[in-house]
1. Of all the residues that make up the stretch 4-28, how many are out of contact with any Asp or Glu (no Cβ under 9 Å at 6 or more places or on another chain) and in a loop (DSSP other than H, G, I, E, B)?
2. Mind checking which pairs have a first residue in the stretch 21-49 that is under 17 Å from Glu59 (Cβ atoms) and surrounded by 16 or more Cβ atoms within 10 Å (Cβ to Cβ) and a second that is basic (Lys, Arg) and at pLDDT 95 or above, Cβ under 7 Å, 6 or more apart or different chains?
3. Taking the stretch 64-105 as the search range and keeping residues that are under 12 Å from the mean Cα position of the chain (by Cα) and among the polar types (S, T, N, Q), which one is surrounded by the most Cβ atoms within 10 Å (Cβ to Cβ)?
4. If you go through the stretch 106-138 one residue at a time, how many are of a type in the set (Gly, Ala, Ser), touching a residue at least 12 places away in the same chain (Cβ under 8 Å) and part of a loop (DSSP other than H, G, I, E, B)?
5. Of all the residues that make up the stretch 73-101, how many are out of contact with any Phe, Trp or Tyr (no Cβ under 8 Å at 6 or more places or on another chain) and either in a helix (DSSP H, G or I) or of a type outside the set (D, E, K, R) (or both)?
6. Anything in the stretch 33-53 that is touching a Phe, Trp or Tyr at 6+ places or on another chain (Cβ under 7 Å) and at pLDDT 95 or above? List them, or say none.
Amino acid sequence: MSQPIPFTDTNFKLAVVQELMYNQDLLPRFDLRAYAAEQGFTYDDLSFEAVPEALAYFEALEVPAELAEKITEIYMDGGNQIYMEIAPGWDGEDGLFDVAEFDDVRHFPGLKSMTLLYTGDDRVLEALRARGIQAEWL
């Protein structure tokens, strides 16, 4: 097993894990209900906030570097499974999962396309496009 990818932005990591875990089935699936039962905690399944235990799980999750080549596209959507597992009642109307820092793209040389949750900062799109990544807002 190779070294884990050293992510600097948790929300960028979540977008990558969505692709690897729920879209490509390359990482074991996380299920909040099962995890809560196993770990013995409760949560509000209508909460717009992140369930701390779920967020901590993903922050601690190591993504093996050899999976980086599997990332060619990132599609961030408010309905992505990973967001529902972290904040089950989240409606996508706030910046809870907005990516603040895009330095992590350097770990994904095959990344060709990103659809991002809208933040309004068009400099982000320009910077990603300058790296050869087709980038657009959702």
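The values are calculated or read from the model by the stated rules, or taken from the named source; none is laboratory data. Keep in mind that what you see is a predicted model, and the values were worked out from it rather than measured. A quick note on method: Cβ atoms are made from the backbone with ideal geometry, for glycine too, and the neighbour counts reach across all protein chains shown.
1. 4
2. These pairs meet every condition: Met21/Arg29.
3. Asn80
4. Number of matching residues: 2.
5. Let us first name the residues in the stretch 73-101 that are out of contact with any Phe, Trp or Tyr (no Cβ under 8 Å at 6 or more places or on another chain), namely 73-75, 77, 79, 93, 95, 98, 100.
Retained after the next criterion (residues that are either in a helix (DSSP H, G or I) or of a type outside the set (D, E, K, R) (or both)): 74-75, 79, 95, 100.
Residues that pass the stated criteria total 5.
6. Tyr35, Ala36, Val51, Glu53 - these are the residues of the stretch 33-53 that are touching a Phe, Trp or Tyr at 6+ places or on another chain (Cβ under 7 Å) and at pLDDT 95 or above.
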